[in-house]
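K.L.:
To start, I am sharing the structure in question, which I have written as structure tokens.
The values are calculated or read from the model by the stated rules, or taken from the named source; none is laboratory data. Owing to the predicted nature of the structure, the values given are computational and were not obtained by experimental measurement. So basically every Cβ, Gly included, is an ideal-geometry build from the backbone, and we count neighbours across all protein chains shown.
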Amino acid sequence: MCKKCWFFVIVLIIILSGFTYKFIFQGSVKMSNDSRLAIQLEPQEKDLVLFEMRAFLVAIQQITNGIIKQDMQAIAESARKVGLTTQRNVPGSLIGKLPIAFKKMGMDTHMKFDALALDAIDLGDSEHTLSQLNILMQNCVACHAGYKFELTK
Ligand code: HEC
């Protein structure tokens, strides 16, 4: 290949790596005054994520209610509502704005709800559900301590 072509190939690779780093790892963030990373989102993106957050809270309330009533079926149903399959509607543009650590913690939380749902049915042990809920909620605490949302417009 000619020298010029090589030059363009290399420049292209550098640009692509930059985009990959930005979209997959770094996301769209700024350091904020309260020492959390502020993820920069458009209003509708922020609304979507906060909607999911409130669904998390609803699920936790319903799961604790299920534990008190020893209703393992209700526990599984509530947990499944915030499982990983509910994540299909998240647009790619939003995913690109979330830092990798945030995405990992979010995925892990959804997967832990799925595991809680499966175990509730398989084991039927509400003590076990409670300990799973306890561990899962450490993700809520950790992520809220590290991140917040800010509007780009
Ligand atoms: C991957 C990160 C992450 C995880 C995991 C996470 N949250 Fe959040 N949550 C956030 C961020 C960021 C906000 C916005 C906080 C801000 O801007 O100050 C938020 C906001 C919320 C809100 C406020 C919603 C609103 O309408 O204002 C609730 C309620 C909430 N989270 C519940 C939970 C619960 C319950 C869990 C655990 C099951 C959880 N979250 C797990 C990142 C996370």
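K.L.:
F56: at pLDDT below 95, crowded, with 16+ Cβ neighbours inside 10 Å and either in a helix (DSSP H, G or I) or aliphatic (A, V, I, L, M) (or both), yes or no?
P.N.:
So F56 fails the test.
K.L.:
Any residue in the stretch 3-26 that is among the β-branched types (V, I, T) sitting within a Cβ distance under 7 Å of a residue that is surrounded by 11 or more Cβ atoms within 10 Å (Cβ to Cβ) and in a helix (DSSP H, G or I)? List the pairs, counting only those 6 or more apart or interchain.
P.N.:
Final answer for the pair search is I24/I100.
K.L.:
Any residue in the stretch 130-139 that is closer than 19 Å to L50 by Cα, near the ligand (Cβ under 10 Å from one of its atoms) and surrounded by fewer than 16 Cβ atoms within 10 Å (Cβ to Cβ)?
P.N.:
Residues of the stretch 130-139 closer than 19 Å to L50 by Cα: 136-139.
Still in the list and also near the ligand (Cβ under 10 Å from one of its atoms): 136-139.
Adding the requirement that they be surrounded by fewer than 16 Cβ atoms within 10 Å (Cβ to Cβ) leaves 137-138.
Looking for residues that are closer than 19 Å to L50 by Cα, near the ligand (Cβ under 10 Å from one of its atoms) and surrounded by fewer than 16 Cβ atoms within 10 Å (Cβ to Cβ), one finds at least one in the stretch 130-139, hence yes.
K.L.:
State which residue is surrounded by the most Cβ atoms within 10 Å (Cβ to Cβ) when the search covers only the stretch 30-53 and only residues that are within 11 Å of the ligand (Cβ to nearest atom) and outside any helix (DSSP H, G or I).
P.N.:
Among those that are within 11 Å of the ligand (Cβ to nearest atom) and outside any helix (DSSP H, G or I), it is I39.
So that you can scan it fast, the table gives a plain yes or no per residue for (1) modelled with pLDDT of 95 or more; (2) of a type in the set (D, E, K, R); (3) under 19 Å from A59 (Cβ atoms):
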residue	(1), (2), (3)
G92	no, no, no
G96	no, no, no
G106	yes, no, yes
F113	yes, no, yes
L118	yes, no, yes
V141	yes, no, yes
E150	yes, yes, no
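K.L.:
Return a yes/no flag: does the stretch 59-73 have any residue that is without any contact (Cβ under 8 Å) to a residue 12 or more places away in the chain and within 12 Å of the ligand (Cβ to nearest atom).
P.N.:
Within the stretch 59-73, one or more residues are without any contact (Cβ under 8 Å) to a residue 12 or more places away in the chain and within 12 Å of the ligand (Cβ to nearest atom).
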